Amino acid sequence: MQILHGTWIPQPATNFVQAGAFCLWVETEAKSRRRLSSETHPCHLPEPDLVTVLTDELGLKSPDRRPFPTFIT
């Protein structure tokens, strides 16, 4: 099972229309086998698998033709 999360992170500003970023992440039942930093959720989906979910399962495309890994942090 995979759980898709999403949230809007606005830039700190007082304007009515705020710039920011929409962030997506996927949680899975299986814990990552890689050594994780203290900031990483133990059930996060690793980057290669996340790219597969975004492109193959959700049909998303990069907005400016850059490869998805350049957007993933």
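Couple of notes before you dig in:
- The packing ranking, built from the mean of other Cβ atoms within 10 Å per residue, places the peptides 53-66, 11-24 in the order 53-66, 11-24, highest first.
- From phi via Karplus (6.51, -1.76, 1.60), per-residue ³J(HN,Hα) for the range 58-69 in Hz, x at Gly/Pro: 9, x, 7, 10, 4, x, 10, 6, 6, x, 3, x
Any read-out appearing in this document is the output of simple, stated calculations on the displayed coordinates, not a laboratory observation. A quick note: this is a predicted structure, and the numbers were derived from the prediction, not measured. In this analysis, Cβ positions are derived from the backbone assuming ideal geometry, glycine residues included, and neighbour counts consider all displayed protein chains.
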